[in-house]
Amino acid sequence: MSKRGTRVQDTSGYMLHATPWRETSLIVQTFSRDHGCVALVAKGAKRPYSTLRPVLSAFQPLALSWSGGGEVKTLTRAEVAGIRPLAGPSLMSAWYMNELLLRLLPREDAHPLLFDAYDTALTQLAGGTRAAGALRRFEWTLLRETGYGVDEAMPDFDDPAIEPRLRHDLRGRLAEILAGRPLSTRRVLLDLQTRRLSTRLPSR
């Protein structure tokens, strides 16, 4: 089938980001297991009674269908494939992963291992369990899948003894790749931590 006639049915994916397009539609940046990052136009998604409106939500597993060619395809269907409630620090960690995917992944380049690492991290974040290991696995896999990984064996991501060093090394490598373009979510998190610390300090 030619690229012009591309049609995808019910592929597993997530919405990473959405921006308004015209009066009633959205441009949705998605991440799917079999197709990577794909931009889709969700026609009429901003209308009050659109079937897409309650479905298109970040961090919720979706079954996505689309058609068309070019850089932006047309979303033809989206269905909820699970519920992942996130709040507070977990929500910030999830936005952090989304921003990394949007910054570093090329369009329409499938990375099933990275998708699985992302999905696992979201599951642990939503479950309220310690998700540090899952986040390190996601960062490590992202670096490996995009060709920026370190030449060493896969570490034990669930070992709390090495987590601080691993976090430092991975974040440092990501900072090098971003080359002076810090993540918005990282700046927000640091600002929140600074404010939280300032509220604990005694006034003079």
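Rule-based calculations on the coordinates, nothing more; no lab input. Worth saying up front: this structure is predicted, and the values here are computed from it rather than measured. Note that each Cβ is placed from the backbone with ideal geometry, even for glycine, and that neighbours are counted across all protein chains shown.
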* Anisotropy class of segment 25-149 from Cα gyration tensor, a/c 1.5 cut -> oblate
* Under the definition of Cα pairs under 8 Å and six or more residues apart, what whole-number percent is the relative contact order of the chain? -> 17
* In whole Å, how far is the Cα centre of segment 66-87 from that of segment 96-175? -> 23
* Please sort by residue number the GluC sites (Glu not before Pro) in segment 1-94 whose DSSP state is loop and whose Cβ has at most 10 other Cβ atoms within 10 Å. => Glu23, Glu71
* Asked: Pairing the Cα long axis of helix 89-104 with the longest principal axis of the chain, what angle in degrees results, from 0 to 90 and rounded to the nearest 10?
  -> 60
* Only Lys, Arg (+1) and Asp, Glu (-1) charged, at Cβ; segment 89-198 dipole about Cα centre in debye -> 640
* Structure fact -> In debye to the nearest 20, the charge dipole size for the chain, taken about the Cα centre with +1 at each Lys and Arg Cβ and -1 at each Asp and Glu Cβ, equals 1000
* Structure fact -> Ordered by number, the GluC sites (Glu not before Pro) in segment 135-186 that occupy a DSSP loop and have at most 15 other Cβ atoms within 10 Å are Glu152
* Gaussian network model of the chain, Cα within-10 Å springs - most flexible of Arg33, Arg144, Arg181 -> Arg181
* Asked: Considering only DSSP beta bridges with both partners in segment 1-154, what is the antiparallel share in %, to the nearest 5?
  -> 85
* To do: Quickly estimate the mean residue ellipticity at 222 nm for the chain, helices only: each DSSP H run with n ≥ 4 gives -39500 (n - 2.57), and the total goes over all residues, rounded to 500.
  => -13000 deg cm²/dmol
* Asked: On a 0 to 90 degree scale, rounded to 10, what angle separates helix 163-178 from the longest Cα axis of the chain?
  -> 50
